[in-house]
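Structure, as structure tokens:
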Amino acid sequence: MGERRQGRGTMSVWAGEGRSSGGAPTQIPIVQSVSFGYDDMDAWMRVGRGVEPGHIYSRNTNPTVEAFEEKVRALEGAEAATAFGSGMAAISNTLFTLLSPGDRVVSVKDSYGGTSKLFMEFLPRFGIEAVLCDTTDHAMIEGELKRGCRLLYLESPTNPTLKVIDIARLASSAHECGAVVVVDNTFATPINQRPLELGADLVIHSATKFLGGHADALGGVVCGPRALVKEIFHFREINGAALDPMAAYLLLRGMKTLHLRVARQNESALAIARWLTGHRAVREVFYPGLETHPGHSIAASQMKGFGGVLSFSLAGDIEAVKVFLPRLKLAHRAANLGAVETIAGPPATTSHVECTPEERFAMGIPEGLVRYSVGIEDVEDLIGDLAQALEGIPA
Ligand SMILES: *Cc1c(COP(=O)(O)O)cnc(C)c1O
């Protein structure tokens, strides 16, 4: 009783890590082994039946992967976590575990491009209806929940236009209708936002992004109550979307600096969003940390920081984007985000590469948009780089 809960920085470093005693390695070993051997048949059977801890086969469990699951579990304040080979594997496994023919999903138009594809293309083939609402129209979402809903799927802030959803309000409305609430927390990270504390049932990450933070490993994870996570884990054991131990190690190593990276990225993204707002070549800046952002007050109440991703549209539209992007010296032009390096790109080749121009238009994504994921560089250098790249771009 009364034991102080560790801070997120301490958890980023220590959660899931082994105790260094008796000459054991201080760092989590990469257990690059498919199976685990037993000489004692009874011990093997006890592990197989799950009455004793241990590992049998790495599609099911692996010690390095388990350490990664434990670190994310602690940071999200969840009972359990289970890891996957990518964020999309985590999302697909969650949806296909919890949904059956005849079920209805309610979500928003601005969810991640790959997730939208599941809603529009794959789930309907299994007789599951997905209703995609205007992302910030909370009343419309609540109306659809009342018409019957098995699962409410949310993302906040959204990709790439940084819309903000009131997670506590919608989680409570969804629970009144008996729906399970799933939140993709990739953009916010558990440093800035803890959806389970806001009433969500499950929280999902593409660990590929901020959690790993170094753009060198794919991974995904789902956290939540023991019973629900167990169901999803069971499906993953069978369909095989397991996380590789080497990737788990890279993600674990990256996560030790998660709190430092995110603190810097929050600060720099806000400074850059403010600077861009005054620029004549920029039409609109999308960042929930700006007081002028329509979701600012919700974001301020449910987030500790506003995150490391912002986007902005250029007055000169796609033609201006084609001149501006190649001029950036301190950014990878790539389809990724959340890394130590700054990364920039248009939605057509990044978040919504899976969608047609018509689909992007219907989602309200301007063709002249640039998504800018702020790295951990010195913010003065990033602003200088943006300034030189925007010079002479038509207003
Ligand atoms: C990248 C991303 C995903 C998909 O993750 P992968 O690891 O690339 O499969 C899902 N949701 C969001 C918000 C993302 O940014």
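Side notes on the structure shown:
- One residue stands out among those in the stretch 192-204 that are open to solvent by 10 Å² or more (accessible area, probe 1.4 Å) and in contact with a Gly (Cβ under 7 Å, 6 or more places away or on another chain): the one that is farthest from the ligand (Cβ to nearest atom), which is GLU197.
- Condition met for VAL181 (away from the ligand (no atom under 16 Å from the Cβ) and buried (at least 22 other Cβ atoms within 10 Å of the Cβ)): yes
- Scanning the stretch 209-229 for residues that are under 29 Å from ARG169 (Cβ atoms) and open to solvent by 10 Å² or more (accessible area, probe 1.4 Å) returns LYS209, PRO225, ARG226, ALA227, LEU228.
- On the stretch given as the stretch 111-158, residues that are among the polar types (S, T, N, Q), within 15 Å of the ligand (Cβ to nearest atom) and open to solvent by 40 Å² or more (accessible area, probe 1.4 Å) total 0.
- The listed residues are ARG46, ARG59, and the only one of them that is among the basic types (Lys, Arg) and either in a loop (DSSP other than H, G, I, E, B) or touching a Cys at 6+ places or on another chain (Cβ under 9 Å) (or both) turns out to be ARG59.
- The criterion of at least 2 residues that are of a type outside the set (A, V, I, L, M) and under 30 Å from LEU132 (Cα atoms) is met by the following strands (runs of 3 or more DSSP E) wholly inside the stretch 294-395: 309-314, 369-373.
- Matching residues, the stretch 1-23, being more than 20 Å from LEU250 (Cα to Cα) and either of a type in the set (A, V, I, L, M) or at pLDDT 90 or above (or both): MET1, GLN6, GLY7
- Filtering the stretch 186-238 to residues that are part of a loop (DSSP other than H, G, I, E, B), of a type outside the set (Gly, Ala, Ser) and more than 18 Å from LEU252 (Cβ to Cβ) leaves PHE187, GLN193, ARG194, ASP201, PRO225.
- So PRO63, is it under 19 Å from ARG253 (Cα atoms), in the same structural domain as TRP14 (by TED's automatic domain parsing) and either more than 19 Å from the chain's Cα centre (by Cα) or surrounded by fewer than 24 Cβ atoms within 10 Å (Cβ to Cβ) (or both): yes
The values are calculated or read from the model by the stated rules, or taken from the named source; none is laboratory data. Since we're looking at a predicted model, the values are computed, not measured. Positions of Cβ are backbone-derived with ideal geometry, glycine not excepted, and every protein chain shown enters the neighbour counts. Accessible surface areas use protein heavy atoms only, side chains included; no ligands, DNA or RNA. Shrake-Rupley method; radii C 1.70, N 1.55, O 1.52, S 1.80 Å.
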